[in-house]
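The values are calculated or read from the model by the stated rules, or taken from the named source; none is laboratory data. Since we're looking at a predicted model, the values are computed, not measured. FYI the Cβ positions are ideal-geometry reconstructions off the backbone, even for glycines, and counts take in every protein chain you see.
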Amino acid sequence: MRYNDETVRNEWPGRKKRPRKTRGMPPPATFDIDTLPGSSNLTALEAAAVIRRTPGALEQWRRDPNHALKWRYVDGRPLYRVDAVRDYLAGSDKISKPIQPHSAREDDRAAQP
């Protein structure tokens, strides 16, 4: 079968698109993390939904073995214990910095253009 130039390349017979990872922010968690037992496991997508980060951010964090959010691999998949996610959220509240405007400087003077 011949195709002319007007045919879209993705419409070749038998060709299927590879599913892509969702890289955006997942929707907020549909469960309350405070009601779950501490020994429960969360998937990377569920953990990302609870802490409001992208799954790609968690993937980057797993490359650092000393990161505050702890995980473990089960059958080749990363799982996060509910206790570890709670500890991470409690620790991130303590170390969060006050938000400063982009133009603010440490000496309290406005940046000069």
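Within the stretch 17-54, the set of residues being in contact with a strand residue (DSSP E or B) (Cβ under 9 Å, 6 or more places away or on another chain) and of a type outside the set (A, V, I, L, M) comprises GLY38, SER39, SER40, ASN41, THR43, GLU46. LYS21 - would you say it is within 26 Å of LEU89 (Cβ to Cβ), within 17 Å of the chain's Cα centre (by Cα) and modelled with pLDDT under 90? Yes.
Just need a number here: residues in the stretch 58-81 that are small (Gly, Ala, Ser) and under 16 Å from ASN41 (Cα atoms).
The initial filter retains those residues of the stretch 58-81 that are small (Gly, Ala, Ser), namely 68, 76.
Still in the running and under 16 Å from ASN41 (Cα atoms): 76.
Count: 1.
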